[in-house]
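Notes follow the structure.
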Amino acid sequence: MASRSPEIPPHNRPTGATPGPDTGTDSGTGTGTGISPGPARRSFLGVLGAGALGTAAVVGGTSVPSARAASTRPSRGRPHGKDAELRTAYLGTYGSGIVTCTYDTATGALTRTGDFPGITDPTFLALAPSGKVLYALDNGTPEGRVRAFGIGDGGALTPLGEARSTGGANVTHLSVHPSGRHLLSANYGAGSVAVHPIGADGAPGERTALVQHTGSGPDPDRQEGPHAHQILTDPDGAFVFAVDLGTDRVYTYGIDADSGALGAVSEMASVPGAGPRHMVFHPSAPYAYVANELDSTITACAFDPATGKLIRGKSWPTLPDGEDPGTRNYPSEVTVSADGRFVYLSNRGHESVAWFAVEDGGAALRLVDTVPSGGSWPRHISLSPSGSLLFAGNQYGQTVGVFTVDGKTGALTASGSPAATPSLGCVLPT
(Lines give C-alpha, C1' and ligand atoms only; values in the text may rest on other atoms or scores of the structure.)
Protein backbone atom coordinates (compact mmCIF):
# COMPACT_ATOMS: atom_id res chain seq x y z
CA MET A 1 0.00 0.00 0.00
CA ALA A 2 1.32 3.45 -0.82
CA SER A 3 2.58 5.59 2.02
CA ARG A 4 -0.02 7.88 3.49
CA SER A 5 0.27 10.99 5.61
CA PRO A 6 -0.87 10.72 9.23
CA GLU A 7 -4.64 10.93 9.54
CA ILE A 8 -6.47 13.32 11.81
CA PRO A 9 -8.65 11.16 14.09
CA PRO A 10 -12.08 11.08 12.45
CA HIS A 11 -14.00 12.65 15.33
CA ASN A 12 -11.59 15.60 15.49
CA ARG A 13 -11.79 16.54 11.85
CA PRO A 14 -13.82 19.58 10.83
CA THR A 15 -17.02 18.77 8.96
CA GLY A 16 -16.34 18.27 5.28
CA ALA A 17 -12.55 17.99 5.71
CA THR A 18 -10.69 15.79 3.26
CA PRO A 19 -7.45 13.81 3.56
CA GLY A 20 -4.24 15.56 2.57
CA PRO A 21 -3.04 15.68 -1.04
CA ASP A 22 -0.59 12.78 -0.62
CA THR A 23 -3.12 10.28 0.72
CA GLY A 24 -3.87 8.85 -2.69
CA THR A 25 -7.62 9.24 -2.11
CA ASP A 26 -10.43 11.20 -3.67
CA SER A 27 -10.78 14.82 -2.66
CA GLY A 28 -13.97 16.70 -1.95
CA THR A 29 -14.40 17.54 -5.62
CA GLY A 30 -16.23 14.27 -6.19
CA THR A 31 -15.49 11.64 -8.81
CA GLY A 32 -18.91 10.18 -9.48
CA THR A 33 -21.44 10.79 -12.18
CA GLY A 34 -23.78 12.28 -9.61
CA ILE A 35 -27.20 11.30 -8.38
CA SER A 36 -29.77 12.00 -11.07
CA PRO A 37 -31.64 15.07 -9.78
CA GLY A 38 -35.25 14.20 -10.57
CA PRO A 39 -38.15 16.48 -9.59
CA ALA A 40 -37.93 17.99 -6.11
CA ARG A 41 -38.64 21.02 -3.96
CA ARG A 42 -34.99 21.96 -3.98
CA SER A 43 -32.07 21.23 -6.26
CA PHE A 44 -29.89 18.48 -4.80
CA LEU A 45 -27.06 19.32 -7.18
CA GLY A 46 -27.62 22.96 -6.32
CA VAL A 47 -26.90 22.04 -2.71
CA LEU A 48 -23.63 20.49 -3.85
CA GLY A 49 -22.62 23.45 -6.00
CA ALA A 50 -20.53 23.29 -9.14
CA GLY A 51 -17.39 22.56 -7.14
CA ALA A 52 -18.79 19.27 -5.92
CA LEU A 53 -19.08 17.84 -9.43
CA GLY A 54 -16.44 19.85 -11.22
CA THR A 55 -17.04 22.04 -14.26
CA ALA A 56 -18.75 19.25 -16.18
CA ALA A 57 -20.71 16.23 -15.05
CA VAL A 58 -22.58 13.37 -16.63
CA VAL A 59 -26.10 12.97 -15.28
CA GLY A 60 -28.26 10.24 -16.73
CA GLY A 61 -25.82 9.87 -19.62
CA THR A 62 -26.10 13.52 -20.71
CA SER A 63 -23.07 15.83 -20.54
CA VAL A 64 -23.91 19.13 -18.87
CA PRO A 65 -21.70 22.19 -18.33
CA SER A 66 -22.36 22.67 -14.61
CA ALA A 67 -24.18 21.38 -11.55
CA ARG A 68 -26.78 24.11 -11.89
CA ALA A 69 -27.53 23.05 -15.45
CA ALA A 70 -27.81 19.43 -14.34
CA SER A 71 -30.32 20.35 -11.68
CA THR A 72 -32.75 21.81 -14.21
CA ARG A 73 -32.82 18.92 -16.69
CA PRO A 74 -35.13 15.91 -16.41
CA SER A 75 -33.24 12.73 -15.59
CA ARG A 76 -33.06 10.03 -18.24
CA GLY A 77 -31.50 7.73 -15.63
CA ARG A 78 -29.54 4.54 -16.16
CA PRO A 79 -31.26 1.60 -17.84
CA HIS A 80 -33.26 -0.43 -15.35
CA GLY A 81 -32.64 -4.14 -14.96
CA LYS A 82 -35.13 -6.60 -16.41
CA ASP A 83 -36.80 -7.33 -13.09
CA ALA A 84 -35.86 -4.09 -11.35
CA GLU A 85 -38.08 -1.79 -9.38
CA LEU A 86 -37.49 1.55 -7.71
CA ARG A 87 -37.24 1.69 -3.94
CA THR A 88 -36.46 4.51 -1.50
CA ALA A 89 -33.08 5.22 0.08
CA TYR A 90 -32.22 7.94 2.59
CA LEU A 91 -28.85 9.67 2.92
CA GLY A 92 -27.82 11.06 6.30
CA THR A 93 -25.38 13.91 5.73
CA TYR A 94 -23.06 16.41 7.31
CA GLY A 95 -24.51 19.84 6.62
CA SER A 96 -27.18 18.97 4.03
CA GLY A 97 -29.95 17.41 6.10
CA ILE A 98 -31.64 14.19 5.00
CA VAL A 99 -31.65 13.48 1.27
CA THR A 100 -34.32 11.18 -0.19
CA CYS A 101 -33.53 9.08 -3.27
CA THR A 102 -34.86 6.18 -5.24
CA TYR A 103 -32.58 3.36 -6.27
CA ASP A 104 -32.85 0.78 -9.02
CA THR A 105 -32.96 -2.62 -7.31
CA ALA A 106 -30.96 -4.21 -10.14
CA THR A 107 -28.18 -1.63 -10.63
CA GLY A 108 -28.37 0.49 -7.48
CA ALA A 109 -28.51 3.67 -9.59
CA LEU A 110 -29.63 6.55 -7.35
CA THR A 111 -32.03 9.33 -8.28
CA ARG A 112 -32.60 12.19 -5.89
CA THR A 113 -36.28 12.88 -5.16
CA GLY A 114 -36.34 15.27 -2.21
CA ASP A 115 -34.67 16.47 0.95
CA PHE A 116 -35.30 17.68 4.46
CA PRO A 117 -32.63 20.35 5.16
CA GLY A 118 -33.95 21.58 8.53
CA ILE A 119 -31.90 19.20 10.68
CA THR A 120 -28.23 19.43 11.71
CA ASP A 121 -25.86 16.60 10.81
CA PRO A 122 -28.33 13.68 10.78
CA THR A 123 -25.38 11.35 10.28
CA PHE A 124 -27.19 8.18 11.28
CA LEU A 125 -30.70 7.08 10.38
CA ALA A 126 -32.88 4.14 11.39
CA LEU A 127 -36.19 2.75 10.19
CA ALA A 128 -39.08 1.69 12.40
CA PRO A 129 -40.01 -2.02 12.17
CA SER A 130 -43.23 -0.94 10.46
CA GLY A 131 -41.26 0.87 7.74
CA LYS A 132 -43.50 3.91 8.21
CA VAL A 133 -41.25 6.09 10.40
CA LEU A 134 -37.67 7.30 9.93
CA TYR A 135 -35.54 8.25 12.94
CA ALA A 136 -32.56 10.61 12.74
CA LEU A 137 -29.86 12.18 14.84
CA ASP A 138 -29.83 15.96 15.24
CA ASN A 139 -26.64 17.64 16.47
CA GLY A 140 -27.89 21.20 16.30
CA THR A 141 -27.62 21.76 20.07
CA PRO A 142 -24.87 21.14 22.69
CA GLU A 143 -26.76 18.02 23.76
CA GLY A 144 -27.60 15.62 20.97
CA ARG A 145 -31.19 15.07 19.93
CA VAL A 146 -33.26 12.46 18.11
CA ARG A 147 -36.13 13.14 15.74
CA ALA A 148 -38.82 11.20 13.92
CA PHE A 149 -40.37 11.59 10.47
CA GLY A 150 -43.44 9.99 9.01
CA ILE A 151 -42.80 8.41 5.62
CA GLY A 152 -45.33 9.29 2.94
CA ASP A 153 -45.75 8.64 -0.76
CA GLY A 154 -42.47 8.44 -2.62
CA GLY A 155 -40.56 8.46 0.66
CA ALA A 156 -41.52 12.06 1.48
CA LEU A 157 -40.79 13.00 5.11
CA THR A 158 -43.10 14.77 7.58
CA PRO A 159 -41.79 15.68 11.06
CA LEU A 160 -43.44 13.83 13.94
CA GLY A 161 -43.49 15.31 17.43
CA GLU A 162 -40.55 17.16 18.96
CA ALA A 163 -36.80 16.75 18.87
CA ARG A 164 -35.79 14.98 22.09
CA SER A 165 -32.52 15.43 23.99
CA THR A 166 -30.28 12.38 24.31
CA GLY A 167 -28.64 13.84 27.42
CA GLY A 168 -25.11 13.94 26.05
CA ALA A 169 -22.88 15.65 23.51
CA ASN A 170 -22.25 14.42 19.97
CA VAL A 171 -24.90 11.76 19.52
CA THR A 172 -23.48 9.41 16.89
CA HIS A 173 -25.74 6.37 16.58
CA LEU A 174 -29.32 5.27 17.07
CA SER A 175 -31.40 2.15 16.57
CA VAL A 176 -34.98 1.04 17.13
CA HIS A 177 -35.81 -1.80 19.47
CA PRO A 178 -37.40 -4.68 17.48
CA SER A 179 -40.63 -4.16 19.43
CA GLY A 180 -40.88 -0.67 17.94
CA ARG A 181 -41.51 0.74 21.43
CA HIS A 182 -38.09 2.23 22.26
CA LEU A 183 -35.51 4.38 20.48
CA LEU A 184 -31.90 3.80 21.56
CA SER A 185 -29.06 6.32 21.10
CA ALA A 186 -25.33 6.59 21.82
CA ASN A 187 -23.57 9.83 22.75
CA TYR A 188 -19.97 9.62 21.53
CA GLY A 189 -18.78 12.85 23.12
CA ALA A 190 -20.34 12.19 26.52
CA GLY A 191 -19.77 8.43 26.59
CA SER A 192 -23.38 7.68 27.49
CA VAL A 193 -26.39 5.85 26.07
CA ALA A 194 -30.06 6.80 26.21
CA VAL A 195 -33.54 5.38 25.68
CA HIS A 196 -36.68 7.18 24.53
CA PRO A 197 -40.17 5.69 24.46
CA ILE A 198 -41.91 5.69 21.08
CA GLY A 199 -45.53 6.80 21.01
CA ALA A 200 -48.38 5.36 18.99
CA ASP A 201 -47.75 7.95 16.28
CA GLY A 202 -44.06 6.95 16.06
CA ALA A 203 -42.72 10.08 17.74
CA PRO A 204 -40.13 9.74 20.53
CA GLY A 205 -41.09 10.86 24.03
CA GLU A 206 -38.94 12.32 26.78
CA ARG A 207 -35.90 10.25 27.64
CA THR A 208 -36.58 7.47 30.17
CA ALA A 209 -33.03 6.13 30.58
CA LEU A 210 -29.51 7.54 30.51
CA VAL A 211 -26.47 5.44 31.43
CA GLN A 212 -23.04 7.04 31.77
CA HIS A 213 -19.96 4.95 30.97
CA THR A 214 -16.68 5.47 32.83
CA GLY A 215 -13.10 4.51 32.15
CA SER A 216 -10.45 4.99 29.49
CA GLY A 217 -8.05 3.12 27.22
CA PRO A 218 -4.35 3.20 26.37
CA ASP A 219 -4.65 5.62 23.42
CA PRO A 220 -4.28 9.09 25.01
CA ASP A 221 -5.84 10.89 22.05
CA ARG A 222 -8.84 8.69 21.32
CA GLN A 223 -9.40 6.87 24.60
CA GLU A 224 -8.98 9.57 27.25
CA GLY A 225 -12.52 8.79 28.41
CA PRO A 226 -15.65 6.87 27.38
CA HIS A 227 -16.93 7.26 23.82
CA ALA A 228 -20.09 5.28 23.18
CA HIS A 229 -20.13 4.73 19.44
CA GLN A 230 -23.04 2.35 18.84
CA ILE A 231 -26.14 0.98 20.55
CA LEU A 232 -28.11 -2.01 19.27
CA THR A 233 -29.97 -5.13 20.37
CA ASP A 234 -29.50 -8.81 19.70
CA PRO A 235 -31.80 -10.17 16.94
CA ASP A 236 -34.52 -11.07 19.47
CA GLY A 237 -34.37 -7.74 21.29
CA ALA A 238 -33.74 -9.42 24.65
CA PHE A 239 -30.64 -7.35 25.44
CA VAL A 240 -29.15 -3.97 24.56
CA PHE A 241 -25.45 -3.62 23.66
CA ALA A 242 -23.35 -0.46 23.79
CA VAL A 243 -20.03 -0.44 21.93
CA ASP A 244 -17.61 2.01 23.56
CA LEU A 245 -14.44 2.95 21.68
CA GLY A 246 -12.98 4.93 24.57
CA THR A 247 -13.16 2.22 27.24
CA ASP A 248 -12.42 -0.81 25.03
CA ARG A 249 -15.69 -2.37 26.16
CA VAL A 250 -18.96 -3.74 24.86
CA TYR A 251 -21.60 -3.35 27.57
CA THR A 252 -24.65 -5.61 27.85
CA TYR A 253 -27.85 -4.22 29.38
CA GLY A 254 -31.24 -5.66 30.12
CA ILE A 255 -34.14 -3.46 29.04
CA ASP A 256 -37.49 -3.07 30.76
CA ALA A 257 -40.14 -3.75 28.13
CA ASP A 258 -42.44 -1.06 29.53
CA SER A 259 -40.27 1.78 30.79
CA GLY A 260 -37.16 1.20 28.67
CA ALA A 261 -34.95 1.36 31.76
CA LEU A 262 -31.52 -0.23 31.28
CA GLY A 263 -29.92 -2.56 33.82
CA ALA A 264 -26.27 -3.59 33.67
CA VAL A 265 -25.75 -7.29 32.82
CA SER A 266 -22.12 -7.79 31.79
CA GLU A 267 -19.11 -6.26 30.02
CA MET A 268 -16.78 -7.67 27.38
CA ALA A 269 -13.27 -6.21 27.23
CA SER A 270 -11.63 -5.91 23.83
CA VAL A 271 -7.91 -6.14 23.17
CA PRO A 272 -6.46 -3.04 24.91
CA GLY A 273 -6.29 -0.17 22.43
CA ALA A 274 -8.42 -1.91 19.80
CA GLY A 275 -11.10 0.77 19.98
CA PRO A 276 -14.33 -1.17 19.28
CA ARG A 277 -16.61 0.94 17.10
CA HIS A 278 -19.51 -1.05 15.63
CA MET A 279 -20.85 -4.57 16.02
CA VAL A 280 -23.25 -6.80 14.09
CA PHE A 281 -24.92 -10.05 15.14
CA HIS A 282 -24.95 -13.16 13.00
CA PRO A 283 -28.58 -13.65 11.89
CA SER A 284 -28.88 -17.23 13.14
CA ALA A 285 -25.70 -18.44 14.89
CA PRO A 286 -24.77 -17.29 18.44
CA TYR A 287 -21.97 -14.95 17.38
CA ALA A 288 -21.33 -11.25 16.89
CA TYR A 289 -18.58 -9.43 14.99
CA VAL A 290 -16.93 -6.25 16.28
CA ALA A 291 -15.12 -3.77 14.01
CA ASN A 292 -12.15 -2.27 15.88
CA GLU A 293 -11.33 1.24 14.72
CA LEU A 294 -7.90 1.73 16.27
CA ASP A 295 -6.05 -1.50 15.43
CA SER A 296 -7.67 -2.44 12.08
CA THR A 297 -9.12 -5.75 13.23
CA ILE A 298 -12.46 -7.50 13.43
CA THR A 299 -13.27 -9.76 16.37
CA ALA A 300 -15.64 -12.72 16.52
CA CYS A 301 -17.49 -12.98 19.84
CA ALA A 302 -19.54 -15.87 21.17
CA PHE A 303 -22.99 -14.79 22.38
CA ASP A 304 -25.11 -16.48 25.03
CA PRO A 305 -28.73 -15.58 24.18
CA ALA A 306 -29.90 -16.72 27.62
CA THR A 307 -27.66 -14.37 29.61
CA GLY A 308 -26.66 -11.72 27.07
CA LYS A 309 -22.99 -12.35 27.77
CA LEU A 310 -20.41 -11.86 25.02
CA ILE A 311 -17.12 -13.77 25.07
CA ARG A 312 -14.28 -12.36 22.99
CA GLY A 313 -12.79 -14.75 20.46
CA LYS A 314 -10.16 -14.40 17.78
CA SER A 315 -9.44 -11.20 15.85
CA TRP A 316 -8.41 -10.89 12.20
CA PRO A 317 -6.82 -8.00 10.24
CA THR A 318 -9.20 -6.05 8.03
CA LEU A 319 -6.53 -5.51 5.35
CA PRO A 320 -4.85 -8.05 3.04
CA ASP A 321 -1.61 -9.78 4.07
CA GLY A 322 1.41 -7.54 3.74
CA GLU A 323 -0.52 -4.27 4.10
CA ASP A 324 0.36 -2.72 7.45
CA PRO A 325 -2.36 -0.29 8.56
CA GLY A 326 -0.05 1.53 10.97
CA THR A 327 -2.06 4.50 12.24
CA ARG A 328 -3.56 5.27 8.85
CA ASN A 329 -6.57 2.98 8.65
CA TYR A 330 -9.76 3.16 10.69
CA PRO A 331 -12.41 0.45 10.19
CA SER A 332 -15.89 1.85 10.57
CA GLU A 333 -19.10 0.00 9.66
CA VAL A 334 -19.67 -3.75 9.67
CA THR A 335 -22.66 -5.68 8.29
CA VAL A 336 -23.57 -9.29 7.56
CA SER A 337 -25.49 -10.98 4.76
CA ALA A 338 -28.98 -12.23 5.58
CA ASP A 339 -27.89 -15.85 5.19
CA GLY A 340 -24.95 -15.28 7.56
CA ARG A 341 -22.33 -16.49 5.07
CA PHE A 342 -20.48 -13.20 4.55
CA VAL A 343 -19.43 -10.21 6.65
CA TYR A 344 -18.58 -6.83 5.09
CA LEU A 345 -16.51 -4.04 6.65
CA SER A 346 -15.44 -0.57 5.50
CA ASN A 347 -11.82 0.59 5.83
CA ARG A 348 -11.29 4.36 6.08
CA GLY A 349 -7.77 5.27 5.00
CA HIS A 350 -7.34 2.12 2.92
CA GLU A 351 -10.58 3.38 1.23
CA SER A 352 -11.96 -0.09 0.72
CA VAL A 353 -14.73 -2.51 1.53
CA ALA A 354 -13.50 -5.86 2.83
CA TRP A 355 -15.51 -9.03 2.69
CA PHE A 356 -15.06 -12.08 4.86
CA ALA A 357 -16.34 -15.62 4.56
CA VAL A 358 -17.98 -16.85 7.76
CA GLU A 359 -16.56 -20.21 8.82
CA ASP A 360 -16.66 -22.73 11.67
CA GLY A 361 -20.36 -22.23 12.26
CA GLY A 362 -19.89 -18.49 12.77
CA ALA A 363 -16.87 -18.61 15.09
CA ALA A 364 -14.29 -17.71 12.44
CA LEU A 365 -13.81 -15.26 9.60
CA ARG A 366 -11.60 -15.44 6.53
CA LEU A 367 -10.71 -12.29 4.61
CA VAL A 368 -11.54 -13.00 0.98
CA ASP A 369 -10.75 -9.67 -0.67
CA THR A 370 -11.08 -5.90 -0.58
CA VAL A 371 -12.46 -3.57 -3.26
CA PRO A 372 -12.07 0.22 -3.57
CA SER A 373 -15.01 1.93 -1.86
CA GLY A 374 -15.56 4.40 -4.69
CA GLY A 375 -14.34 7.40 -2.72
CA SER A 376 -12.53 8.67 0.36
CA TRP A 377 -13.32 7.72 3.96
CA PRO A 378 -16.11 5.11 3.68
CA ARG A 379 -17.84 5.88 6.97
CA HIS A 380 -20.81 3.64 6.33
CA ILE A 381 -21.83 0.60 4.30
CA SER A 382 -25.25 -1.00 4.01
CA LEU A 383 -26.89 -3.90 2.19
CA SER A 384 -30.19 -3.50 0.40
CA PRO A 385 -33.08 -5.54 1.85
CA SER A 386 -32.68 -8.05 -0.98
CA GLY A 387 -28.97 -8.39 -0.19
CA SER A 388 -28.11 -7.97 -3.87
CA LEU A 389 -26.63 -4.46 -3.51
CA LEU A 390 -24.13 -2.84 -1.18
CA PHE A 391 -23.84 0.93 -0.77
CA ALA A 392 -20.68 2.62 0.55
CA GLY A 393 -21.10 6.16 1.88
CA ASN A 394 -17.78 7.99 1.44
CA GLN A 395 -17.74 10.87 3.91
CA TYR A 396 -14.84 12.95 2.59
CA GLY A 397 -14.95 11.79 -1.02
CA GLN A 398 -18.63 12.86 -1.09
CA THR A 399 -19.73 9.84 -3.09
CA VAL A 400 -21.80 6.69 -2.79
CA GLY A 401 -20.08 3.63 -4.18
CA VAL A 402 -22.63 1.06 -5.41
CA PHE A 403 -21.83 -2.64 -5.72
CA THR A 404 -23.71 -5.72 -6.82
CA VAL A 405 -23.31 -8.70 -4.49
CA ASP A 406 -22.78 -12.23 -5.76
CA GLY A 407 -25.07 -14.33 -3.61
CA LYS A 408 -22.93 -17.46 -4.00
CA THR A 409 -19.44 -16.06 -3.43
CA GLY A 410 -20.16 -12.78 -1.64
CA ALA A 411 -18.04 -10.93 -4.19
CA LEU A 412 -18.61 -7.22 -4.74
CA THR A 413 -18.61 -5.70 -8.23
CA ALA A 414 -18.83 -1.95 -8.79
CA SER A 415 -22.10 -1.01 -10.49
CA GLY A 416 -21.45 2.09 -12.55
CA SER A 417 -19.48 5.09 -11.35
CA PRO A 418 -19.84 6.35 -7.76
CA ALA A 419 -22.63 8.90 -7.31
CA ALA A 420 -21.69 12.41 -6.17
CA THR A 421 -23.33 13.47 -2.89
CA PRO A 422 -22.87 15.80 0.06
CA SER A 423 -20.57 14.64 2.86
CA LEU A 424 -22.16 11.42 4.10
CA GLY A 425 -22.73 9.80 7.44
CA CYS A 426 -24.86 6.89 6.26
CA VAL A 427 -26.90 5.36 3.44
CA LEU A 428 -30.18 3.66 4.38
CA PRO A 429 -31.81 1.66 1.57
CA THR A 430 -35.36 0.51 2.32
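The values are calculated or read from the model by the stated rules, or taken from the named source; none is laboratory data. Given the structure is predicted, the values throughout are model-derived calculations rather than measurements. Note that we place each Cβ from the backbone using ideal geometry, even for glycine, and neighbour counts take in every protein chain shown. SASA here: full protein model, heavy atoms, side chains in, ligands and nucleic acids out. Shrake-Rupley method; radii C 1.70, N 1.55, O 1.52, S 1.80 Å.
Residues of the range 377-387 being in a loop (DSSP other than H, G, I, E, B) and buried (at least 24 other Cβ atoms within 10 Å of the Cβ), which ones?
In the first step, residues of the range 377-387 are kept if they are in a loop (DSSP other than H, G, I, E, B); the result is 377, 384-387.
Scanning the range 377-387 gives a single hit, Trp377.
I'd like to know if the range 110-128 contains one or more residues that are surrounded by fewer than 17 Cβ atoms within 10 Å (Cβ to Cβ), among the small types (Gly, Ala, Ser) and over 24 Å from Val193 (Cα atoms).
Yes, some residue in the range 110-128 is surrounded by fewer than 17 Cβ atoms within 10 Å (Cβ to Cβ), among the small types (Gly, Ala, Ser) and over 24 Å from Val193 (Cα atoms).
Scan the range 251-295 for residues that are open to solvent by 10 Å² or more (accessible area, probe 1.4 Å) and β-branched (Val, Ile, Thr) and report the count.
Matching residues across the range 251-295 total 4.
For the range 190-204, which residues satisfy the criterion of being free of Cβ contacts under 8 Å to residues at least 60 places away in the same chain and within 20 Å of Asp244 (Cα to Cα)?
Matches in the range 190-204: Ala190, Gly191, Ser192, Ala194.
Can you name the residue in the range 205-243 that is more than 20 Å from Leu137 (Cβ to Cβ) and within 19 Å of the chain's Cα centre (by Cα) and, of all such residues, is surrounded by the fewest Cβ atoms within 10 Å (Cβ to Cβ)?
By that ranking, first place goes to Pro235.
For Gly361, which of the numbered conditions (1) assigned to a loop (DSSP other than H, G, I, E, B); (2) at positive phi fails to hold?
Of the numbered conditions (1) assigned to a loop (DSSP other than H, G, I, E, B); (2) at positive phi, the odd one out for Gly361 is (1).
Which number in (1) open to solvent by less than 40 Å² (accessible area, probe 1.4 Å); (2) in a loop (DSSP other than H, G, I, E, B); (3) more than 23 Å from Ser332 (Cα to Cα) marks the one condition that Ala200 misses?
Single failed check for Ala200: (1).
What pairs come up if the first residue lies in the range 350-367 and is among the aromatic types (Phe, Trp, Tyr), the second is outside any strand (DSSP E or B) and open to solvent by 10 Å² or more (accessible area, probe 1.4 Å), and their beta carbons are under 8 Å apart, counting only those six or more places apart or on different chains?
Hits for this filter: Trp355/Ala411.
Give the residues of the range 96-130 that are touching a helix residue (DSSP H, G or I) at 6+ places or on another chain (Cβ under 9 Å) and in contact (Cβ under 8 Å) with a residue 40 or more places away in the chain, sorted by residue number.
Ser96, Val99, Thr100, Cys101, Thr102, Arg112, Thr113, Gly114, Asp115, Pro117
Please give the number of the condition Gly246 fails out of (1) closer than 18 Å to Glu333 by Cα; (2) open to solvent by less than 10 Å² (accessible area, probe 1.4 Å); (3) assigned to a strand (DSSP E or B).
Among (1) closer than 18 Å to Glu333 by Cα; (2) open to solvent by less than 10 Å² (accessible area, probe 1.4 Å); (3) assigned to a strand (DSSP E or B), the lone unmet condition for Gly246 is (3).
Which of the residues belonging to the range 82-138 are closer than 26 Å to Leu232 by Cβ, basic (Lys, Arg) and in contact with a Gly (Cβ under 8 Å, 6 or more places away or on another chain)?
Lys132
Grab the strands (runs of 3 or more DSSP E) fully contained in the range 254-330, keeping just those with 2 or more residues being of a type in the set (Lys, Arg).
310-317
Inspect the range 79-88 for any residue being open to solvent by less than 50 Å² (accessible area, probe 1.4 Å) and either in contact with a His (Cβ under 7 Å, 6 or more places away or on another chain) or modelled with pLDDT of 95 or more (or both) and give the result as yes or no. Talk me through it step by step, then tell me what you get.
From the range 79-88, those open to solvent by less than 50 Å² (accessible area, probe 1.4 Å) are 81, 84, 88; that's our starting set.
Imposing the further condition that a residue be either in contact with a His (Cβ under 7 Å, 6 or more places away or on another chain) or modelled with pLDDT of 95 or more (or both) reduces the set to 88.
Scanning the range 79-88, I find at least one residue that is open to solvent by less than 50 Å² (accessible area, probe 1.4 Å) and either in contact with a His (Cβ under 7 Å, 6 or more places away or on another chain) or modelled with pLDDT of 95 or more (or both), so the answer is yes.
Looking at the range 341-363, which of its residues are open to solvent by less than 20 Å² (accessible area, probe 1.4 Å) and of a type in the set (A, V, I, L, M, F, W, C)?
Within the range 341-363, Phe342, Val343, Leu345, Val353, Ala354, Trp355, Phe356, Ala357 qualify.
Filter the range 388-410 for residues that are open to solvent by 30 Å² or more (accessible area, probe 1.4 Å) and assigned to a loop (DSSP other than H, G, I, E, B) and give the result.
Residues satisfying the conditions are Ser388, Gln398, Asp406, Gly407, Lys408, Thr409.
Going by what's in this entry, would Gly374 be described as of a type outside the set (Val, Ile, Thr) and open to solvent by 10 Å² or more (accessible area, probe 1.4 Å)?
Taking the combined requirement at face value, the residue satisfies it.
Can you tell me which residues in the range 296-331 are in contact with a Pro (Cβ under 8 Å, 6 or more places away or on another chain) and surrounded by 22 or more Cβ atoms within 10 Å (Cβ to Cβ)?
Residues satisfying the conditions are Ser296, Thr297, Ile298, Thr299, Phe303, Thr318, Tyr330.
Every residue in the range 138-149 that is surrounded by 17 or more Cβ atoms within 10 Å (Cβ to Cβ) and among the small types (Gly, Ala, Ser), please.
Those that are surrounded by 17 or more Cβ atoms within 10 Å (Cβ to Cβ) and among the small types (Gly, Ala, Ser): Gly144, Ala148.
Please specify each residue of the range 90-110 satisfying the condition of being of a type in the set (Ser, Thr, Tyr) and assigned to a strand (DSSP E or B).
Tyr90, Thr93, Thr100, Thr102, Tyr103
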